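*Asks:* Below is one structure. I have some questions about it.
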Amino acid sequence: MSGADGRRVVVGVSGSMGSLTALHRAVDEARRTGAELVAVLAWLPPDGEAAQRHVVTPPPIDFRRAAADRLLEIIEDAFGNAGPGVPWQGVIARGHPGPALVEAADRAGDLLVIGAGRRDGLRRLLFPSVVRHCVAHAACPVLAVPPSPLVSDLASAHRRLNRWLRFDARRLTEGTP
């Protein structure tokens, strides 16, 4: 099932601040264009795919079910019990986020929306860039949503509180760093 003219807005969700910002932007795009929202949560077994190939007995936890529950929790956290207000479906994809999102957004009329979170040097070395993978391999347009300005304000407040430095919370509402 798709929205008007088969349009879909595919969005990657993980529960991070960046993915929540992307989710809200994707809902706005779906509402504006009359498209269906497809929320994709990619997951991997905790020990990775290679470790799972050598497991003789199934794990005591159904990781796919846990991922589905997490997706519903993210949608509820973002929009409450009413949901996003547009036709939507959830997709649970086993695999790395980049390839999973590219596979889900496989139609020319799709729009792929992803959060373009801040990437410091260490993260860049340890984790592949989902945004780069999607831009390089997607068959549809990709909208990379920058992080909300509140993210840097919140990170600054968190650093100050962790260092036991004086912090006036009124600074967050005034818009000053």
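*Asks:* Whenever you get a sec, line up ILE114, ILE61 from highest to lowest accessible area (probe 1.4 Å, protein heavy atoms).
*Replies:* Highest to lowest solvent-accessible surface, that is ILE61, ILE114.
*Asks:* How far is it, in nm, from the label point at PHE79 to the one at ARG64 when both lie 7 Å from their Cα along the line to the Cβ?
*Replies:* Result: 2.5 nm between the two label points.
*Asks:* Quick one: which residues, 5 or more positions from GLY95 or on another chain, have an amide H under 5 Å from its amide H? H modelled 1.01 Å from N in the peptide plane, none for Pro or chain starts.
*Replies:* TRP43, LEU44
*Asks:* What distance in nm separates the simple spin-label points at ALA108 and CYS140, each placed 7 Å from Cα in the Cβ direction?
*Replies:* Between ALA108 and CYS140, the simple spin-label model gives 1.4 nm.
*Asks:* Can I ask one more? Mind checking the per residue accessible area of segment 57-112 for me, 1.4 Å probe, whole number of Å²?
*Replies:* Ligands and nucleic acids excluded, the figure is 60 Å² per residue.
*Asks:* A further question on this structure: At 1.4 Å probe size, with the rest of the protein present, what percent of the exposed accessible area of segment 76-120 is carbon and sulfur atoms?
*Replies:* In segment 76-120, the share of accessible area belonging to carbon and sulfur is 48 percent.
*Asks:* Any idea of PHE63's accessible area? Nearest 10 Å², probe 1.4 Å.
*Replies:* Looks like 50 Å² after rounding.
*Asks:* Out of residues 5 or more away from LEU143 or on other chains, whose amide H comes under 5 Å of its own, with H placed 1.01 Å from N in the peptide plane?
*Replies:* The list, which skips near neighbours in sequence, is LEU112, VAL113, ILE114.
*Asks:* Something else: Tell me, what ³J(HN,Hα) does each residue in segment 75-89 have, in order and in whole Hz, if you take phi through Karplus 6.51 cos²θ - 1.76 cosθ + 1.60 with θ = phi - 60° and put x for Gly and Pro?
*Replies:* Whole-Hz 3J(HN,Hα) from phi for segment 75-89: 4, 5, 4, 6, 10, x, 5, 6, x, x, x, 9, x, 8, 9.
The values are calculated or read from the model by the stated rules, or taken from the named source; none is laboratory data. For clarity, every value in this text was computed on a predicted model and none was experimentally measured. Quick reminder, even Gly has a Cβ in these numbers, built from the backbone with ideal geometry, and neighbours come from all protein chains shown. Accessible surface areas use protein heavy atoms only, side chains included; no ligands, DNA or RNA. Shrake-Rupley method; radii C 1.70, N 1.55, O 1.52, S 1.80 Å.
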